[in-house]
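J.: Before anything else, here's the structure in question.
The values are calculated or read from the model by the stated rules, or taken from the named source; none is laboratory data. Remember, it's a predicted structure, so these values are computed and weren't measured experimentally. In this analysis, Cβ positions are derived from the backbone assuming ideal geometry, glycine residues included, and neighbour counts consider all displayed protein chains. Heavy atoms of the whole protein, side chains included, go into the accessibility calculation; ligands, DNA and RNA do not. Shrake-Rupley method; radii C 1.70, N 1.55, O 1.52, S 1.80 Å.
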Amino acid sequence: MHIETNALLKPYNTFGLAVRCKYFVEIRTLESFKGLIQTTIYRDHPHLILGGGSNVLFTRDFDGLVIINRLKGIEIVSENDNEVVLRVASGENWHQFVLHCIDNNWCGIENLSLIPGTVGAAPMQNIGAYGVEVKDVISQVHTIDVKTGDEVSFTNEECAFGYRTSIFKTTHKNRFFITSVEFTLSKVPHFNTSYGAIRQKLQEMDVQELSIKAISDAVIAIRSEKLPNPAEIGNAGSFFKNPTVEKPFFDQLQKQYPGIPHYPQPDGKVKLAAGWLIEQCGWKGKTFDGYGVHKNQALVLVNYSLTAGQPIYELSEKIISDVKNTFGIELEREVNVY
Ligand code: FAD
Ligand code: NAP
């Protein structure tokens, strides 16, 4: 285990911010992590565990220890004719894991294709896309308590998953290093094409027989057309969560904005598209000195040439305040700010 000093974090965050951290280490085994938390560097400094750095905004240099998760391995815990239970090390790349499941005809996460980052960060905000959330297939999350070094496992219920959230992002933030995740995937094909964009793309691709591979290909195609590639333009995907409002509030809003996109939820509330709200406020495609709002998707803030992300944070404040003044809705950031 080699601890570097004054390391450049540009390759480790998808905003491409060239901030530095005081200490930096890559972790490849559980034992080395347990050893690390005994060191004075760990004990005397703030620390931050990073996977792919695709959901973080660094507003300044990080005055502590950054730990890059490189734990690897996929094992079958059990299987029968209907399902397979997999235990996947948290440093595995998420999209490569999705492709591995598709190759094996294991069904359940194909709609989550091409989401950047690691398996270990997936439970953190209960990653979701195109009508599927990772909570639907997680049976257990295995962790190490970073204070005591104890191994602690959480059942699906104990994770308190919600829309882009879990205990790892709220009450237990920074308390547990997620070391592996157990997934229960189906061997019996079932498909989720509830999002219009997928159905349209499958039609364009002239898919005759639906399969998890076809859905994955459709999702990859849509995402590649629509979202900025972090290798070309720095970004962390959606900067804000989509807000959900009470039905009577929505009814009033709809009178004023008849074209407002909306999605009724099972609990009677109504989900709105944050990107649309931001676009109506005139922010879509706005470019400032080295950063801005993406031209195709107003939910995505982009970095062209900043070194540190404070101006992006300030832009997000202005957007939140503008949306609040215009629609009376308070947007919440999805990205983790440091
Ligand atoms: P990081 O950014 O490294 O970390 C995120 C947070 O989790 C940090 O607070 C970190 O400390 C913590 N963390 C990371 N690993 C661990 C661990 N092992 N144990 C404990 N804490 C940990 N998200 C979606 O939900 N749906 C999408 O469709 C989606 N699309 C995206 C598209 C693009 C182009 C981009 C750039 C991002 C997108 N995201 C999406 C956001 C992001 O990819 C996910 O949140 C992803 O799970 C982050 O993984 P990561 O390994 O990069 O996490
Ligand atoms: P989109 O298809 O333009 O739709 C805009 C928003 O409306 C989405 O965010 C989605 O909410 C909601 N929506 C659309 N169709 C819906 C339906 N049939 N039922 C319920 N809600 C619906 O969105 P997009 O930006 O291109 O993203 C497509 C998918 O990828 C979305 O699921 C989105 O969450 C996900 N994505 C996430 C990130 C991220 O960083 N978190 C980045 C890119 C894409 P939901 O967000 O709740 O699905």
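J.: Provide the per-residue ³J(HN,Hα) series for region 290-296, in order, calculated from phi with Karplus coefficients 6.51, -1.76, 1.60 and θ = phi - 60°, each as a whole number of Hz, with x at glycine and proline positions.
T.: x, 7, x, 10, 4, 6, 9
J.: Along the Cα→Cβ direction, 7 angstrom out, place labels at Asn229 and Gln254. What is the inter-label distance in nm?
T.: My value for the distance between the label points is 4.0 nm.
J.: Taking the Cα centre of region 84-153 as origin, work out the dipole magnitude from +1 charges on Lys and Arg Cβ and -1 charges on Asp and Glu Cβ, in debye rounded to 20. Please list the in-between numbers first.
T.: Details: 3 positive and 8 negative charges, 12 e Å.
It works out to roughly 60 debye.
J.: So for the pair Asn105, Glu157, with labels modelled 7 Å out along Cα→Cβ, what separation do we get in nm?
T.: 3.4
J.: Can you compute the charge dipole magnitude of the chain about its Cα centre, using +1 on each Lys and Arg Cβ and -1 on each Asp and Glu Cβ, nothing else charged? Give it in debye, rounded to the nearest 20. List each step's numbers first, then the result.
T.: On the way: 33 positive and 38 negative charges, 178 e Å.
I would put it at about 860 debye.
J.: What is the distance in Å between the Cα centroid of region 296-314 and that of region 120-158?
T.: With region 296-314 and region 120-158 each reduced to a Cα centre, they are spaced 28 Å.
J.: Same structure, new question: Grab the Cα-Cα distance for Asp267 and Gln38, subtract it from 0.36 nm times how many residues apart they are, and report the gain in nm with one decimal. Don't jump to the answer; show the numbers that get you there.
T.: Values: separation 229, 0.36 × 229 = 82.44 nm, distance 4.63 nm.
Roughly 77.8 nm would be gained on extension.
J.: Determine the relative contact order of region 189-283: mean sequence separation of Cα pairs under 8 Å and six or more apart, normalised by residue count, in whole percent.
T.: On the way: 64 pairs, mean separation 18.8, N = 95.
Relative contact order for region 189-283 comes out at 20 percent.
J.: Assigning unit charges at the beta carbon (Lys, Arg +1; Asp, Glu -1) and nothing else, what dipole magnitude in debye, to the nearest 20, does region 195-338 show about its Cα centre? Numbers along the way, then the final one.
T.: Values: 16 positive and 17 negative charges, 38 e Å.
The dipole of region 195-338 has a size of about 180 debye.
J.: Using the Karplus curve 6.51 cos²θ - 1.76 cosθ + 1.60 with θ = phi - 60°, what ³J(HN,Hα) values do you get for each residue of region 240-245, in whole Hz, with x for Gly and Pro?
T.: Listing the rounded values in order: 10, 7, 6, x, 10, 10 Hz.
J.: Using a 1.4 angstrom probe on heavy atoms only, work out the carbon and sulfur share of the accessible area of the chain in %.
T.: Details: 7460 of 15860 Å².
For the chain, the apolar C and S fraction of the accessible surface comes to 47 percent.
J.: Thr59 versus Glu279, label points 7 Å from Cα toward the beta carbon: distance in nm?
T.: 2.9
J.: Put +1 on the Cβ of each Lys and Arg and -1 on the Cβ of each Asp and Glu in the chain; which of Ala218, His172, Ala308 then has its Cα farthest toward the positive end of the dipole?
T.: Ala308
J.: While we're here: If you count, for each residue, the other Cβ atoms within 10 Å and average over each peptide, how do 201-207, 322-328 line up from highest to lowest?
T.: Values: 201-207: 13.4, 322-328: 15.1.
The most tightly packed comes first, giving 322-328, 201-207.
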